[in-house]
Amino acid sequence: MPAPLPQSVLFCCDHNAVRSPMAEGMMKKYYGTEVYVQSAGVKSEMEVDGFSVAVCDEIGVPLSHHRARSFDQMQEWGDDLSQFDLIVALSPASQRKVLDLTRYHHLDVEYWPVMDPTGLGTRREEKLEAYRQARDQIRDRMISRFGPPSVP
């Protein structure tokens, strides 16, 4: 049985370039303005990954304007992790970072183990298939957790 939608969700991964932007984009598309959604990475020295953009375009989720940001940048810009009702870590490194940053806050942190597609495949179609698998893992977990999308 899906849990009620939180008011705000932060998705995080290693670089905020692959998995967490996909999750942010899908959450915004599927649940619209019902939930405030952001994403961040342990680091942010990378731009959004082109394969992530491509596989999300396939399902009508635009990512080309996403700008990667790190937890440190969030703090510099005045964003406080305690403002989120739920933080979803999509990688082991982001889970460790979130648990460290939130040890004095009472908020829900969940770990959704999603494969990192960045090193998989050698040809373009193989790489796209790996990114589709990661996208679909996130989508399936999201729908399982929050229920059917309000916007298909």
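The values are calculated or read from the model by the stated rules, or taken from the named source; none is laboratory data. Only a predicted model underlies this, so the values are computations on that prediction, with no experimental measurement involved. A quick note on method: Cβ atoms are made from the backbone with ideal geometry, for glycine too, and the neighbour counts reach across all protein chains shown. Surface areas here come from the heavy atoms of the whole protein model, side chains and all, with no ligands, DNA or RNA. Shrake-Rupley method; radii C 1.70, N 1.55, O 1.52, S 1.80 Å.
Within the range 55-62, is even one residue more than 12 Å from the chain's Cα centre (by Cα) and modelled with pLDDT under 85? Checked against the condition, which is being more than 12 Å from the chain's Cα centre (by Cα) and modelled with pLDDT under 85, the range 55-62 yields no hits at all. Residues in the range 65-93 that are open to solvent by 70 Å² or more (accessible area, probe 1.4 Å) and either within 16 Å of the chain's Cα centre (by Cα) or closer than 12 Å to residue 24 by Cα (or both): 65, 67. Note on the range 98-152: residues that are outside any helix (DSSP H, G or I), without any contact (Cβ under 8 Å) to a residue 24 or more places away in the chain and over 19 Å from the mean Cα position of the chain (by Cα) total 7.
Summed over the range 97-114, residues that are at pLDDT 90 or above and either of a type in the set (Phe, Trp, Tyr) or open to solvent by 50 Å² or more (accessible area, probe 1.4 Å) (or both) total 3.
When the range 1-51 is examined, which residues are found to be open to solvent by 40 Å² or more (accessible area, probe 1.4 Å), assigned to a helix (DSSP H, G or I) and closer than 20 Å to residue 147 by Cα? Scanning the range 1-51 gives 28, 29, 33, 34.
Given the condition modelled with pLDDT under 90, open to solvent by 40 Å² or more (accessible area, probe 1.4 Å) and in contact with a strand residue (DSSP E or B) (Cβ under 7 Å, 6 or more places away or on another chain), answer yes or no: does some residue in the range 143-150 qualify? No, the range 143-150 contains no residue that is modelled with pLDDT under 90, open to solvent by 40 Å² or more (accessible area, probe 1.4 Å) and in contact with a strand residue (DSSP E or B) (Cβ under 7 Å, 6 or more places away or on another chain).
Cβ-Cβ contacts under 8 Å between residues 6 or more apart (or on different chains), taken from a first residue in the range 45-59 that is at positive phi to a second residue that is open to solvent by 30 Å² or more (accessible area, probe 1.4 Å) and not in a helix (DSSP H, G or I), are absent.
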